[in-house]
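Working notes, structure below.
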Amino acid sequence: MKKKKIELGPVTLRVRDIEQVTRFYVDVIGMSILEESEELITLGTKERPLVILHSVPQAKTNPRAAGLFHLAILFPNRVELGSMLAHLIERRIEVGQGDHLVSEAFYLSDPEGNGIELYADRPKDQWTYEANGHVKMATEPVDYESMLQAAANRSFTGLPIGTMMGHVHFKVRSIEAAKRFYHDRLGFSITTDSYPGALFLAADGYHHHIGTNVWARPSDPVGMETGIEAWTLLVNEETNQALGGTSSEWSLTDEDGITVHIKRTNA
């Protein structure tokens, strides 16, 4: 089953210090607080939630566990990403970078070590493909100077309209197990398997909605430690039924303990 017409919803993170992490997503990343309760804070744009923080002060860390490699926030265009970069430079936030041919990206982590990618896609007609149909991706230096120049007149006032959760990338214990869940069970198409120790999958002809890798060689499944609690997949009625859903909201968990909340939309 090839998946079509999907969108990624918010990623839920289990955090120890919800006030500190909230300040980071508001002040540094530029999200707004959409909902707030004693244990949960939902952040995002006026259009959509992007991150849900679940306060669990007693949670421990487990560097051996599978889980989140990064959540990836997709900007509407290169100019908006350049405005974000200028904001990070002004705040003296150090970032990693990568021109992936299909996109340009910057990387950082929140105060509890959750990885974040901030990126903008190149137009799809500029993507190139391998002989087997897989999309070509690489990691090269970003031409950030031209990006900053393009955004010189665009001041950063928070995440712009049109920003969305572009993809999620996981640390897994087995690429084969990841393939069974994300390809065989959820129906995402394999888009790139040429990166050593990694597998990328997508729907709707995208370069990837899901990334998985074994680079850190995790040995434990996700438990109750800090980090990812769940990610969200938004689907239409047809896809929901094809996946076996009998209600508008339900969940599945992969072999690494990573949970996906599947939500049927009215689209």
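The values are calculated or read from the model by the stated rules, or taken from the named source; none is laboratory data. Keep in mind the model is a prediction, meaning the values are calculated, not measured. Ideal geometry is used to build each Cβ from the backbone, glycine not excepted, and the neighbour counts take in all protein chains shown. Only protein heavy atoms, including side chains, enter the accessible area calculation; ligands, DNA and RNA are left aside. Shrake-Rupley method; radii C 1.70, N 1.55, O 1.52, S 1.80 Å.
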- Can residue 266 be described as more than 14 Å from residue 8 (Cα to Cα) and under 20 Å from the mean Cα position of the chain (by Cα)? no
- Looking only at strands (runs of 3 or more DSSP E) that fall completely inside the stretch 152-220, which ones have 1 or more residues that are in contact with a Gly (Cβ under 7 Å, 6 or more places away or on another chain) and of a type in the set (D, E, K, R)? 164-171
- Note on the structure: Checked the stretch 160-189 for anything touching a residue at least 40 places away in the same chain (Cβ under 8 Å), open to solvent by 20 Å² or more (accessible area, probe 1.4 Å) and of a type in the set (A, V, I, L, M); matches are 161, 164
- Check 86, 138, 131 and return the single one that is loosely packed, with under 15 Cβ neighbours inside 10 Å, among the aliphatic types (A, V, I, L, M) and touching a residue at least 12 places away in the same chain (Cβ under 8 Å). 138
- Got a number for residues in the stretch 89-128 being surrounded by fewer than 17 Cβ atoms within 10 Å (Cβ to Cβ), in a strand (DSSP E or B) and either β-branched (Val, Ile, Thr) or touching a helix residue (DSSP H, G or I) at 6+ places or on another chain (Cβ under 6 Å) (or both)? 0
- Task: Give the residue that is surrounded by the fewest Cβ atoms within 10 Å (Cβ to Cβ), with candidates limited to residues of the stretch 62-83 that are part of a strand (DSSP E or B) and not small (Gly, Ala, Ser).
- Result: 74
- For residue 232: the one exception among (1) open to solvent by 20 Å² or more (accessible area, probe 1.4 Å); (2) at pLDDT 95 or above: (1)
